[in-house]
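Undergrad: Below: one structure in structure tokens.
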Amino acid sequence: GAVVSQHPSRVICKSGTSVKIECRSLDFQATTMFWYRQFPKQSLMLMATSNEGSKATYEQGVEKDKFLINHASLTLSTLTVTSAHPEDSSFYICSAASGGDADTQYFGPGTRLTVL
Amino acid sequence: DAKTTQPPSMDCAEGRAANLPCNHSTISGNEYVYWYRQIHSQGPQYIIHGLKNNETNEMASLIITEDRKSSTLILPHATLRDTAVYYCIVNTNAGKSTFGDGTTLTVKP
């Protein structure tokens, strides 16, 4: 149980285009989903927290207009990188939590974004 | 969220127990200790979590000191596939987590 999927697993795009990444909790309902970014040889950096049906909460320094997050249902959240630039190239990882006293996060496999 | 401190790297012989320490001296009473691991180019994998009692599952054991200021993750019989970066984090039921640099565990034949 507690499986989270991400699609696509890797994407290459041209500078200036937008890219959408999907995160799905396959066998549980996720009250909260998180989006992380990870650069090579670095740790995960939290970008934003999203709750179903409400606006995402972004971490300091993360542009909400550039990284659009939609959490339309309890099993799906999307991250859209708008007008991507080479510096946005990174490993994007989502996680989902079902809530409760011990809010375990289950992570997706990640999406490798390369912006040319 | 409380910060955690982990050694940057550790080695372990295959078949031996791997003991990974974590300090979380500023942990609050309602914060859980979580352990995840990340194998290269994959998403982190949940291992185990606990509040104040020691915990064991099919993957590992978690030993939390009585004052809760530190914990140890134990992989009882490490295999080569256990080579990964291990993250110790603490968080409340709000779920938001801050990942440190973790410990790179290398299991050697």
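Where a number appears in this text, it was derived from the coordinates with a stated rule and is not lab data. None of these values were measured; they are calculated from a predicted model. Positions of Cβ are generated from backbone atoms using ideal geometry, with glycine treated the same way; all protein chains shown enter the neighbour counts.
Undergrad: Identify which of A:Thr104, A:Thr31, A:Thr78 has the largest mean-square fluctuation in a Gaussian network model of chain A, with springs joining Cα atoms closer than 10 Å.
TA: Most flexible of the set in this elastic network: A:Thr104.
Undergrad: Under 12 Å from the Cα of B:Lys69, which aspartates and glutamates turn up, not counting those fewer than eight places away in the same chain?
TA: In chain and number order, the partners are B:Glu31.
Undergrad: In addition: For the stretch B:23-86 and the stretch A:47-116, compute the distance between their C-alpha centroids and round to whole Å.
TA: Cα centroid to Cα centroid, the span is 25 Å.
Undergrad: Considering the options A:Gly61, A:Thr78, A:Asn51, tell which one lies farthest towards the positive end of the dipole of the stretch A:20-84, charges being +1 on Lys and Arg and -1 on Asp and Glu at the Cβ, about the Cα centre.
TA: A:Gly61
Undergrad: To the nearest 20 debye, what is the magnitude of the charge dipole of the stretch A:18-97 about its Cα centre, counting +1 on the Cβ of each Lys and Arg and -1 on the Cβ of each Asp and Glu?
TA: Charge dipole of the stretch A:18-97: 40 debye, to the nearest 20.
Undergrad: Using the basic label-point model (7 angstrom from Cα toward the beta carbon), what is the A:Gln42 to A:Gln29 distance in nanometres?
TA: With each label placed 7 Å out from Cα toward Cβ, I get 3.7 nm.
Undergrad: Provide the FRET efficiency to the nearest 0.05 for the A:Glu22-A:Glu63 pair, computing r from the beta carbons and using R0 = 22 Å. Spell out each step's value before the answer.
TA: Values: r = 21 Å, r/R0 = 0.93.
Approximately 0.60, to the nearest 0.05.
Undergrad: Another one. Considering chain A, which cysteines have no disulfide-compatible partner, defined as another cysteine with its Cβ under 4.7 Å away?
TA: A:Cys13
Undergrad: Could I ask something else about it? Describe numerically, in nm with one decimal, the distance between label points set 7 Å from Cα along Cα→Cβ at B:Thr56 and at A:Val3.
TA: About 3.0 nm, to one decimal.
Undergrad: Additional query: Could you compute the FRET efficiency for B:Ile74 and A:Leu76, with r as their C-beta to C-beta distance and R0 at 41 Å, rounded to 0.05?
TA: 0.65
Undergrad: Still on this structure, I have one more. How large is ³J(HN,Hα), in whole Hz, for each residue of the stretch A:58-72 in order, when computed from phi with the Karplus curve 6.51 cos²θ - 1.76 cosθ + 1.60 and θ = phi - 60°, using x for Gly and Pro?
TA: 9, 6, 4, x, 9, 7, 5, 7, 8, 10, 7, 10, 10, 10, 6
Undergrad: Work out, step by step, the length gained on full extension between A:Thr114 and A:Lys55: first 0.36 nm times the residue separation, then minus their alpha carbon distance; give nm to one decimal.
TA: Values: separation 59, 0.36 × 59 = 21.24 nm, distance 2.70 nm.
Taking A:Thr114 through A:Lys55 to full extension adds about 18.5 nm, to one decimal.
Undergrad: Testing the spin-label approximation: label points 7 Å from Cα along Cα→Cβ at B:Lys108 and B:Thr65. State their distance in nm.
TA: The answer from the label model is 2.8 nm.
Undergrad: Now for a separate question. Quick one: 3J(HN,Hα) in Hz for the stretch B:99-109, Karplus 6.51/-1.76/1.60 with θ = phi - 60°, rounded, Gly and Pro as x.
TA: 8, x, 7, x, 10, 7, 9, 10, 9, 10, x
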